[in-house]
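Data block below; observations after.
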Amino acid sequence: MNQPYIPITLPSGFDHTYTTVGDVTLHAIEGGRGEPLLLLGGWPQTCYVWRLLWEQLGQHFHVIALDMRGQGDSDIPDGPYDCGTAAKEIKDFLAKKEINSFYLVGHDVGAWVAFTVLKLFPDAVLGAGLIDAAIPGLVSNDFFSVVNAPKVWQFYFHMVPDLASSLVTGKEREYLSWYFTNKSKRKENLTPEVMDYYARYYSRPGAMRAGFLWYAALEETTKANTPTADTHFSQPIFAMGGEFATKSLIYNGISPYCDDITSYVIEQCGHYIPEEAPEEILKAIVNTFKP
């Protein structure tokens, strides 16, 4: 019987679920009533990143906070970790639950994959939210230039996953806490205990390397996510960034392809918006998907 690596207390009506898709078993935390809402977190986090929103979102939606491949309590396959592979796996995961249409929100690498799902399966996505990410295929090459190195250096470091993982093995807590400390503005929900939680998950065999492999697959992901002449989104979408992080980067990249899009830049906020400003995400989701 599957059990979470670190037990946590869930809101009433929420449970851990495990679904096997091909050779990979995916873990999710599910609960609430309404239309399906799929939540995808990023690196170096897990579905736990949505914990401050589960109960309130469950009043409006059937919430599915998913650990993608390599994350949290999902399996850690050797690869691949390009967004096209992950998006198709997620679509198959939902099909196993007989879910054919759903709302979708992603943060960080979860936003990369969420955009791929939206692009590959637009008819299945009722509405989408993309939160604070430099989505490959939507950002210009200038974003990854030397001038922007203080913000994007990790893309290059992680693109050599075997070297990167060998250098951080045994120092996962120190490495990850640097991000949480330096890329956040509001610190109250990013406590030492929360950092320890994520560090314990990414200290498991293969977990950190799996996280780096998202970046090593940047070329494949960029190809999958680059808009074409046929790219067009009619469903309601919101794009969100922190004032001290990506600001309107997602909106600037995706808005030319959207009929109905809203931009949010959260003041006095860094990159980790699900933990820094969960109330702003709740408002955006309800206002966009349940107007």
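The values are calculated or read from the model by the stated rules, or taken from the named source; none is laboratory data. A quick note: this is a predicted structure, and the numbers were derived from the prediction, not measured. Positions of Cβ are backbone-derived with ideal geometry, glycine not excepted, and every protein chain shown enters the neighbour counts. Remember, those area values only see protein heavy atoms, side chains included, never the ligands or the DNA or RNA. Shrake-Rupley method; radii C 1.70, N 1.55, O 1.52, S 1.80 Å.
Once the Cα-Cα distance is subtracted from the 0.36 nm per residue extended length, the residue 148 to residue 279 segment shows a gain of 44.2 nm. 3J(HN,Hα) along segment 201-218: 5, 7, 8, 6, x, x, 5, 5, 4, 4, x, 5, 5, 4, 7, 5, 8, 4 Hz, from the Karplus curve 6.51 cos²θ - 1.76 cosθ + 1.60 with θ = phi - 60°, whole Hz, x for Gly and Pro.
When both bridge partners sit in the chain, DSSP labels roughly 30% of those beta bridges antiparallel.
Please identify the longest segment of the chain free of exposed GluC sites (Glu not before Pro), where exposed means a DSSP state other than H, G, I, E or B and no more than 15 other Cβ atoms within 10 Å.
Values: sites that count: 98, 188, 243, 267.
Excluding the exposed sites themselves, the longest stretch runs over 1-97.
When the surface is traced with a 1.4 Å probe over the full set of protein chains, residue 142 keeps roughly 120 Å² accessible. Applying the criteria of a DSSP loop state and at most 16 other Cβ atoms within 10 Å to the trypsin sites (Lys or Arg not before Pro) of segment 24-81 yields 33.
Summing charges over neighbours of residue 206, with a neighbour being any other residue whose Cβ is under 12 Å away from its Cβ, gives 0 when K and R count +1 and D and E count -1. This model, with +1 at the C-beta of Lys and Arg and -1 at the C-beta of Asp and Glu, gives the chain a dipole about its Cα centre of some 260 debye.
Here the Karplus relation 6.51 cos²θ - 1.76 cosθ + 1.60, evaluated at θ = phi - 60°, turns the backbone of segment 126-131 into coupling constants of 6, x, 9, x, 10, 10 Hz, with x for every Gly and Pro. Given a Förster distance of 30 Å, report the FRET efficiency between residue 6 and residue 267 from their Cβ-Cβ distance, rounded to the nearest 0.05. Here the calculated transfer efficiency is 0.35.
Assign one of three labels to segment 214-257, namely rounded, prolate or oblate, based on the Cα gyration tensor with a ≥ b ≥ c the square roots of its eigenvalues; rounded applies when a/c is under 1.5, prolate when it is not and a/b is larger than b/c, and oblate otherwise. Oblate, because a/c is 1.5 or more while a/b does not exceed b/c.
Mind checking Rg over Rh on segment 161-250, alpha carbons, Kirkwood formula for Rh?
Details: Rg = 16.9 Å, Rh = 16.0 Å.
Result: Rg/Rh = 1.06.
Each residue of segment 19-28 is assigned a 3J(HN,Hα), and the resulting list reads 10, 8, 10, x, 9, 10, 9, 9, 9, 9 Hz, derived from the Karplus form 6.51 cos²θ - 1.76 cosθ + 1.60 (θ = phi - 60°), x at Gly and Pro. Less than 5 angstrom separates the built amide H of residue 266 from those of 241, 242, 243, all sequence-distant by 5 or more or on a different chain. Think of each Lys and Arg Cβ as +1 and each Asp and Glu Cβ as -1; about the Cα centre, that makes the dipole of segment 106-235 roughly 340 debye.
Taking only DSSP H segments of four or more residues, each worth -39500 (n - 2.57), what value at 222 nm results for the chain once the sum is divided by all its residues, to the nearest 500 deg cm²/dmol? Kindly include the intermediate steps, with their values, before the conclusion.
Working: 12 runs with 110 residues, N = 291.
Here the helix-only value at 222 nm equals -10500 deg cm²/dmol.
GNM remark for the chain: springs join alpha carbons under 10 Å apart, and the peak mean-square fluctuation among 111, 229, 28 falls on 229.
Excluding ligands, DNA and RNA, what is the solvent-accessible area per residue of the chain at a probe of 1.4 Å, expressed in Å²?
Numbers: 12200 Å² over 291 residues.
I get 42 Å² per residue for the chain.
Stokes-Einstein at 4 °C, 1.567 mPa s, Kirkwood radius from Cα pairs: D for the chain in µm² s⁻¹? Result for D is 69 µm²/s. Among the listed pairs 88/247; 151/187; 88/171; 183/247; 88/183; 119/283, those with a Cα-Cα distance over 22 Å are 88/247; 88/171; 88/183; 119/283. If R0 equals 22 Å, the separation of the Cβ atoms of residue 126 and residue 17 corresponds to a calculated FRET efficiency of about 0.55.
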